[in-house]
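Written below as structure tokens is the structure these notes are about.
The values are calculated or read from the model by the stated rules, or taken from the named source; none is laboratory data. The shown structure was predicted, so the numbers you read here are calculated from the model rather than taken from an experiment. No Cβ is skipped: glycine too gets one built from the backbone with ideal geometry, and neighbour counts run over all protein chains shown.
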Amino acid sequence: MRIVRLPAAALAAVLALLSATLAPPPAAAAPADGCLACHAGVTGLEGPHAPAAIGCAACHAGDAQAKEKAAAHAGMVLVPGNLADAARTCGRGGCHEAIVPRVERSIMSTMAGVIAVDRAALGEPDPPGAPLPHAQRLGHGVADSHLRELCVGCHLGQPKTQWGPVTEESQGGGCNACHLEYGGAAARALAAYLALPAAQRPSAPAAHPSLTLNPRNAHCFGCHSRSGRIALGYEGWHEMRVPEGERPAGAGTPRVRELADGRFVEKVVADVHHERGLECIDCHTANELMGAGAEVARKHQQQRIGCADCHAAKPASVPAEARDPESVKLMALRGWTLAPGERMGTTRDGDPIVNLVVGADGAKLRRKRTGEARPVKAPAAACTAPAHVRVACASCHSAWAPRCASCHTQFDPAGEGFDHAAQAWVKGTWNETAGPFEAKPPTLGVVAGAVETFVPGMVMTFDRNRTAGAKPQTVFRRLYAKLSPHTTRREARACASCHADPVALGYGEGELRFEAKGASGRWRFRPAREPLRDGLPADAWTGFLKDRKGPASTREDARPFTVAGQRRVLTVGACLACHEGDSPVMRRALADFAGTLAARSPKCALPAWGGGR
């Protein structure tokens, strides 16, 4: 495949056409925009966003016709792009009016899944048929109070109120969260502006930040370095549990990094895609990030892409003439086109992947920020073997996942907490005491018939009481959460690390061994951690050779392995007690395990399923 870039003249013509399409109505165009009389010489904005194309009021509002400063600045939006005013800034007529409603209804704006799970776990579930929850419609019950202080700081509706670049601590900001980019000139100009006493400052720095089509990983970091911590895992960082006020050994070295918010992380192993230079936007699509238009109840309903969409023997694709208008526009803005015979890739469900090019010689993925193309490899034979047809790619190829199997949460009525929904300090605060943080391979479980990766989501003791001196109202939850760790490696985990590992099977840490005696044997498990109030070891998801009863996951369609499932996995594990995973007999078993088992040697010992322990 060759990347065909448009000649400069042709690209200019395309951009001019797009500028005309995206430009605001003539009444707000530059000739009628009086802002430029005072704010001439602004640099940093180009193309359709250049002041010469749309002026200043198109984004910042105010009165572009007024001659006096006070009148001109009346109603001005200091930081355009916040969702509260995006409809009259970024989403005004002629600009991105079709995009803003999508973003407003996206899961990153509503946080519907987080809210629903928290309410259900803390004993305040939404009634059947209730509208989908939204971060901007929280009440003040126990669960919503908890959400206000500890969870909803990350949703896109959180306003950005001050000029400045997106940092490790940035959260929210609407359109700014992804598309605001402070280059060196803009950052220096803002620093010089802020260094002056307020009375001596000019009206605004002349070097303006730009707006980018290609957000950097740093734009994702502020929100996605918490909870599932996928931004950390992707780069190979694991959060450390460090007592307040202390610094861990190695702090400041390449091995241990201090984040801007004071957390410390240590180097483990990075995702292979990160090592190859791919960024978040190279995999995640516009429909995933901005939403496809409809509100969804959970994040997985907005997720549009998976490993097998690119890593396939022949990825799905459409010819150039069948591309949707948004894909055509995005490719044009990047100066990309398709050579004769090349097709644009899509997901298996038909969603566009604008940077996946499928040709006669295979598929290549373009890096969105640079245009560099990299070949996409098809899965290995073992990945598509019948034995693994229901096993998700991440189940074998995730090197590790962040795990924390203990959390105690209670309310301190005498303390002070920050209400992210109200953007105000309030009396009373929720305090969490978490257990040790661990970087280990994920636990495996089942979602819609597929084997997926899980981590402890809520192994939690929660005191619902918010009144000083009142009797505790304790609830206990043991819920695992499906997580894509974003720690993908080309090399797969060893067969025994799935089929004979207690953490993978959901039992928690401990000694799991197969004891053979003649033609049969038994599996034994001794947990490493003491049981909690439900009788299971502290880090377990399910009992050894037992079915899990009651709610088990933050997703209603997810569960640990049943007894029957555990037995199937452990039968393979018994074979692995003698046979290496890449041995001829185990390779045959991938294609036909039942046949291989029937032809086994009389010396082979199979598990006898008695009472379990």
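Just one of the listed residues (314, 364) is farther than 25 Å from residue 103 by Cβ, touching a Pro at 6+ places or on another chain (Cβ under 7 Å) and touching a residue at least 12 places away in the same chain (Cβ under 8 Å), and it is 364. Of the candidates 540, 608, 574, 558, the single residue that is touching a residue at least 12 places away in the same chain (Cβ under 8 Å), touching a Gly at 6+ places or on another chain (Cβ under 8 Å) and exposed (fewer than 15 other Cβ atoms within 10 Å of the Cβ) is 608. Out of 75, 47, 41, 55, one residue alone is crowded, with 19+ Cβ neighbours inside 10 Å, modelled with pLDDT under 95 and on the phi > 0 side of the Ramachandran plot. It is 55. List the number of the failed condition for residue 266; all other conditions in (1) modelled with pLDDT of 95 or more; (2) within 26 Å of residue 357 (Cα to Cα); (3) of a type in the set (D, E, K, R) hold. Of (1) modelled with pLDDT of 95 or more; (2) within 26 Å of residue 357 (Cα to Cα); (3) of a type in the set (D, E, K, R), only one is false for residue 266: (2).
Checked against (1) in a loop (DSSP other than H, G, I, E, B); (2) in contact with a Cys (Cβ under 8 Å, 6 or more places away or on another chain), residue 369 meets all criteria but (2).
Restricting the range 513-528 to residues that are part of a loop (DSSP other than H, G, I, E, B) and modelled with pLDDT under 95, the residue that is farthest from the chain's Cα centre (by Cα) is 518. Looking across the range 384-418, just one residue is more than 27 Å from residue 265 (Cβ to Cβ), among the small types (Gly, Ala, Ser) and assigned to a loop (DSSP other than H, G, I, E, B), and that is 385. Annotation: residue 552 fulfils all but one of (1) surrounded by fewer than 18 Cβ atoms within 10 Å (Cβ to Cβ); (2) within 29 Å of the chain's Cα centre (by Cα); (3) under 23 Å from residue 436 (Cα atoms); the unmet one is (1). The residues of the range 351-365 that are surrounded by fewer than 22 Cβ atoms within 10 Å (Cβ to Cβ) and in contact with a strand residue (DSSP E or B) (Cβ under 8 Å, 6 or more places away or on another chain), listed by number, are 359, 362, 364.
Across the range 441-460, the number of residues qualifying as surrounded by fewer than 18 Cβ atoms within 10 Å (Cβ to Cβ) and at pLDDT 95 or above comes to 2. One residue stands out in the range 469-504 among those that are of a type outside the set (Val, Ile, Thr), under 17 Å from residue 229 (Cα atoms) and touching a helix residue (DSSP H, G or I) at 6+ places or on another chain (Cβ under 6 Å): the one that is surrounded by the fewest Cβ atoms within 10 Å (Cβ to Cβ), namely 484.
When the range 446-490 is filtered for residues that are touching a residue at least 60 places away in the same chain (Cβ under 8 Å), assigned to a loop (DSSP other than H, G, I, E, B) and more than 21 Å from residue 413 (Cα to Cα), the ones remaining, listed by number, are 448, 483, 484, 485, 486, 487, 489, 490. Residues of the range 577-590 that are surrounded by 13 or more Cβ atoms within 10 Å (Cβ to Cβ) and assigned to a helix (DSSP H, G or I): 585, 586, 587, 588, 589, 590.
As an exercise: evaluate residue 151 against (1) surrounded by fewer than 18 Cβ atoms within 10 Å (Cβ to Cβ); (2) touching a residue at least 40 places away in the same chain (Cβ under 8 Å); (3) out of contact with any Phe, Trp or Tyr (no Cβ under 6 Å at 6 or more places or on another chain) and give the number of the one condition it does not meet. So the condition that residue 151 fails would be (1). If I filter the range 339-366 down to residues being basic (Lys, Arg) and in a strand (DSSP E or B), which single residue comes out as farthest from the chain's Cα centre (by Cα)? Taking the candidates together, the pick is 343. Limited to the range 303-338, what total is found for residues that are of a type in the set (A, V, I, L, M), over 21 Å from residue 377 (Cβ atoms) and outside any strand (DSSP E or B)? Matching residues across the range 303-338 total 8.
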